[in-house]
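Down below is the structure, laid out as structure tokens.
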Amino acid sequence: MLDALEAVGLSGDGRMIALNSYENRVYQVYLEDGPPVVVKFYRPGRWSDAQIGEEHAFVAALAEREIPVVAALGPGGRTLNEHAGFRFAVYPRRGGRTPELDDAETLEWMGRFIGRIHAVGATKPFACRPRLDVETFGVEPRDWLLAHGFVPPDLLAAWTSAVELALAGVRRCYERAGDVRTLRLHGDCHAGNVLWTDDGPHFVDFDDSRSGPAVQDLWMLLSGERASMTRQLSDVLAGYEDFVEFDRRELALVEALRTLRLVHYCAWIARRWDDPAFPAAFPWFNTQRYWQDRVLELKEQIALMDEAPLGPV
């Protein structure tokens, strides 16, 4: 890692702190001359160079408009570098705390910046990064799990039936929403990817950025009972619509997108199970209890998708 930094003109002093990341390997590195940087080594084979380049260009465009994101630096003249067969990017270190999502002002503030992100995201599409839809986040991960035998044999019929009904519910939600617009998104906009300071939020880790409906970057900010989520949604949209109009038809997709994320998440862990970090971090995965809980979770989602869509007050 230190050799990789030296190759782009940065000299580490030997101090490194591993940061919380499972998909890639991310470290805070102290330099001999200058402030610490954060170095991300990309998991081989996940994204192509062109796909990573699109992510970097999107975040750079946001930063140019003074939207609070953390864009890759360009030591050596480029943001994506390679050393010893591993690709990596260097970022400035940015501190902050987890935002308080039960606070109306915080939600409105975050809504304003997500609205600004989406205003830029809508100006042109991704050419190489994938879409978030039923096929990529539902059908493909389901098929992968079945093909690789992760579901226990005695629960296979129950899980297969539940996921089929769930995906049918997702499709109904998409039909109900109609032909909604897709745009470039953060893609994984939960509280862990937002750092809060006295100056407000800044958004980190666009590694999951892809094309999809705007509501994908909103629904993960909502939690609790329906009444709580209704209030939270109203606060977020109060800020969001200062910069871009939100298509209320997309609210039919909230539980559908949650369902797709649940299916995709199972396959994500399974695909990485040969990585020693994953069994250590997710010891409960692939147990009998785990898959029983997933069946119950999908059944709950099937019922929720049949309810009236969430709406702001």
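Can you tell me which residue within the stretch 44-61, out of those that are in contact (Cβ under 8 Å) with a residue 40 or more places away in the chain and among the acidic types (Asp, Glu), is farthest from Gly12 (Cα to Cα)?
Top of the filtered list is Glu54.
Please specify each residue of the stretch 50-79 satisfying the condition of being farther than 12 Å from Arg129 by Cβ and among the acidic types (Asp, Glu).
Once the filter is applied, which keeps residues that are farther than 12 Å from Arg129 by Cβ and among the acidic types (Asp, Glu), the stretch 50-79 yields Glu64, Glu66.
Which condition number in (1) more than 27 Å from Pro309 (Cβ to Cβ); (2) under 20 Å from the mean Cα position of the chain (by Cα) is the one that Gly149 fails?
Of everything listed in (1) more than 27 Å from Pro309 (Cβ to Cβ); (2) under 20 Å from the mean Cα position of the chain (by Cα), Gly149 misses just condition (2).
Considering only residues that are surrounded by 14 or more Cβ atoms within 10 Å (Cβ to Cβ) and not small (Gly, Ala, Ser), which ones fall in the stretch 7-18?
Those that are surrounded by 14 or more Cβ atoms within 10 Å (Cβ to Cβ) and not small (Gly, Ala, Ser): Val8, Leu10, Met16.
Test of understanding: among Val263, Val236, Val215, which residue is of a type in the set (A, V, I, L, M, F, W, C), crowded, with 21+ Cβ neighbours inside 10 Å and within 26 Å of Tyr290 (Cβ to Cβ)?
None of the others qualify; the one that does is Val263.
Mind checking which pairs have a first residue in the stretch 29-43 that is more than 11 Å from Leu5 (Cβ to Cβ) and a second that is modelled with pLDDT under 95 and outside any strand (DSSP E or B), Cβ under 6 Å, 6 or more apart or different chains?
Pro36/Arg93; Val38/Arg93; Arg43/Glu23
Would you check which residues across the stretch 62-98 are at positive phi and either assigned to a loop (DSSP other than H, G, I, E, B) or in contact (Cβ under 8 Å) with a residue 60 or more places away in the chain (or both) and list them?
Across the stretch 62-98, the qualifying residues are Glu66, Gly76, Ala84, Gly85, Gly96.
Can you work out which of the residues in the stretch 48-92 that are surrounded by 13 or more Cβ atoms within 10 Å (Cβ to Cβ) and of a type in the set (D, E, K, R) is nearest to Asp199 (Cα to Cα)?
If we take residues in the stretch 48-92 being surrounded by 13 or more Cβ atoms within 10 Å (Cβ to Cβ) and of a type in the set (D, E, K, R), then Glu55 is nearest to Asp199 (Cα to Cα).
Pull up the stretch 19-28, narrow it to residues that are touching a Leu at 6+ places or on another chain (Cβ under 9 Å) and touching a residue at least 24 places away in the same chain (Cβ under 8 Å), then point me to the one that is surrounded by the most Cβ atoms within 10 Å (Cβ to Cβ).
Tyr27
Can you confirm whether Val163 is within 20 Å of the chain's Cα centre (by Cα) and either surrounded by 14 or more Cβ atoms within 10 Å (Cβ to Cβ) or closer than 19 Å to His264 by Cα (or both)?
It is false that Val163 is within 20 Å of the chain's Cα centre (by Cα) and either surrounded by 14 or more Cβ atoms within 10 Å (Cβ to Cβ) or closer than 19 Å to His264 by Cα (or both).
Given the conditions (1) under 30 Å from Ala303 (Cβ atoms); (2) buried (at least 18 other Cβ atoms within 10 Å of the Cβ), report the number of the one that Gly115 does not fulfil.
(1)
Are there any pairs, at least 6 apart or on different chains, whose C-beta atoms fall under 7 Å, with the first in the stretch 166-187 and over 16 Å from Leu251 (Cβ atoms) and the second of a type in the set (Asp, Glu) and assigned to a helix (DSSP H, G or I), and if so, which?
That search, which allows pairs on different chains as well, returns Leu185/Asp217; His186/Asp217.
For the stretch 45-61, enumerate the residues that are in a helix (DSSP H, G or I) and hydrophobic (A, V, I, L, M, F, W, C).
Ala50, Ile52, Ala57, Phe58, Val59, Ala60, Ala61
Can you find, within the stretch 61-105, the residue that is nearest to the chain's Cα centre (by Cα) among those that are at pLDDT 95 or above and of a type in the set (S, T, N, Q)?
The extreme case among them is Thr79.
If Tyr30 satisfies every condition in (1) closer than 25 Å to His186 by Cα; (2) out of contact with any helix residue (DSSP H, G or I) (no Cβ under 9 Å at 6 or more places or on another chain); (3) at pLDDT 95 or above but one, which is the exception?
So the condition that Tyr30 fails would be (1).
Would you say Thr123 is at pLDDT 95 or above, polar (S, T, N, Q) and more than 23 Å from Tyr265 (Cβ to Cβ)?
The answer is yes for Thr123.
The values are calculated or read from the model by the stated rules, or taken from the named source; none is laboratory data. All figures in this text were calculated on a predicted structure; none of them were measured in a lab. With ideal geometry, Cβ positions are generated from the backbone for all residues, glycine too; neighbour counts draw on all protein chains shown.
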